[in-house]
Amino acid sequence: VDLRLGYNHKGIEQGLSDRSYAHGLYLSARVCGICNSTHSLAFTRAVESVAGIECPDRARYIRVIDAELERIHSHLLWAGIAAHEIGFTTLFMLFWRDRELSLDMRELLFGQRIYASGTYLGGARVDIKEKDIPQLIRTLNKLEKSVKHYIDVCTSDRTIIARCSGVGVLKKKDARELCAVGPTARASGVDFDIRRDDPYAAYGEIPFDVIVEQDGDVLAKVVVRLRETLESIEIIRQVIDAMPKGAIRTKFPENVPENEAVGRTEAPRGELMYYVRSNGTNKPERVRIRTPSYANWPSVRPMLVGGTIAEIPIVVASIDPCFSCTDRVTIIDTETGKSRIVTKEELRRLRK
């Protein structure tokens, strides 16, 4: 298995250097449509560090609600895709049905379903209204019931176990050596989560469990994400109970003094990093982004070696990769040396 990355270049980092910090916040949220909130939060963490400011306490709690609602919708979206990859269409539809509930809550609280980031430089973009909390709690209760059922299904259904158990195994040793992050690493026994190990927003004040599985296969990654979804629901409940009153934003300076900093967040896919270097103006001199997908791609190689071609779609999908839908796979026949390019759909049909 030979992985070659870096063909899809969008110029985001240069675009961030060409824009003011306020405009850059919106561009950072466009790096990924699925996890835009955590991108803007990582960028904001770095920018607030170089500017030497801290956001109000209420804003820190709002940021947690924003991030955890995004984690719920991202994990349910991924679970649906995983079900689709193994031909379980009914489960795919059910996962995406319940994902709609989390998107509805993002729209209720932050005004939009997808690009709904509630973060702003120096605080939060919008406040959480008291009148919306009862509906949020009812939705969380409904989601919790569904996700518990999905965990039971995924750990007992013979089709899912046959397609996912023992498939695409990433050993703990390999996960550490290849610097895997997020659910991909935690499914292999690596107990690491930025929210706990480098707390930001209000995570340091909210008790929660880091979900870890030991088997390292596709099924372990399914279980980690679904259990994390339950944990996200509980985190939001605690935030609602503990959120202080007060201002949601502090004044952000027009020009940022010369400095440099790194902002880290636990995105749904894993550790996300933004490096920002300022130069005394209203624009950053340099921004560097390290996404979790880029960190996890090297882990795919040991997960694929020794498996079948038909297992490639679900094994690749198990890291929840973010990549262009036009990417292709080249298969080389080890006996004849001949190669052929296949699409993802052709790989899936090989299973039939």
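For the range 301-338, a tally of residues being among the polar types (S, T, N, Q) and either at pLDDT 90 or above or within 21 Å of A79 (Cβ to Cβ) (or both) returns 1. Scanning the range 256-307 for residues being polar (S, T, N, Q) and free of Cβ contacts under 8 Å to residues at least 24 places away in the same chain gives a total of 1. With respect to the stated conditions, R237 fails to be surrounded by fewer than 18 Cβ atoms within 10 Å (Cβ to Cβ), in contact with a strand residue (DSSP E or B) (Cβ under 7 Å, 6 or more places away or on another chain) and among the basic types (K, R). Output the residue which, of all residues in the range 113-156 that are aromatic (F, W, Y) and under 21 Å from A67 (Cβ atoms), is surrounded by the fewest Cβ atoms within 10 Å (Cβ to Cβ). The qualifying residue surrounded by the fewest Cβ atoms within 10 Å (Cβ to Cβ) is Y115. Please find, within the range 30-42, the residue that is surrounded by the fewest Cβ atoms within 10 Å (Cβ to Cβ) out of those that are in a loop (DSSP other than H, G, I, E, B) and within 13 Å of the chain's Cα centre (by Cα). Top of the filtered list is G33. You will find that of S102, S74, the residue that is out of contact with any helix residue (DSSP H, G or I) (no Cβ under 8 Å at 6 or more places or on another chain), within 21 Å of Q238 (Cβ to Cβ), assigned to a helix (DSSP H, G or I) and in contact (Cβ under 8 Å) with a residue 12 or more places away in the chain is S74 and no other. Figure legend. Inter-residue proximity from the range 32-57: first residues of a type in the set (F, W, Y), second residues in a helix (DSSP H, G or I), beta-carbon distance below 8 Å, spacing 6+ or different chains. Indicated pairs: F43/L16; F43/G24; F43/L25; F43/S28. Flag: R63 matches the condition of being in a helix (DSSP H, G or I), touching a strand residue (DSSP E or B) at 6+ places or on another chain (Cβ under 9 Å), among the basic types (K, R) and surrounded by 24 or more Cβ atoms within 10 Å (Cβ to Cβ). Residues of the range 180-213 that are crowded, with 20+ Cβ neighbours inside 10 Å and of a type in the set (D, E): D193 alone.
Which residue out of G263, G216, G246 is of a type in the set (G, A, S), buried (at least 18 other Cβ atoms within 10 Å of the Cβ) and part of a loop (DSSP other than H, G, I, E, B)? Every option except G216 fails the conditions. Applying a threshold of 7 Å to beta carbon distances and a minimum spacing of six or more residues, or different chains, the list of pairs starting in the range 206-218 at a residue that is farther than 21 Å from V300 by Cβ and ending at one that is in a loop (DSSP other than H, G, I, E, B) and modelled with pLDDT of 95 or more reads V210/D191; V210/D193. For the range 184-213, residues that are under 30 Å from M243 (Cβ atoms), touching a strand residue (DSSP E or B) at 6+ places or on another chain (Cβ under 7 Å) and either among the β-branched types (V, I, T) or not in a loop (DSSP other than H, G, I, E, B) (or both) total 2.
The values are calculated or read from the model by the stated rules, or taken from the named source; none is laboratory data. Only a predicted model underlies this, so the values are computations on that prediction, with no experimental measurement involved. Every residue, glycine among them, receives a Cβ derived from its backbone with ideal geometry; neighbour counts consider all protein chains shown.
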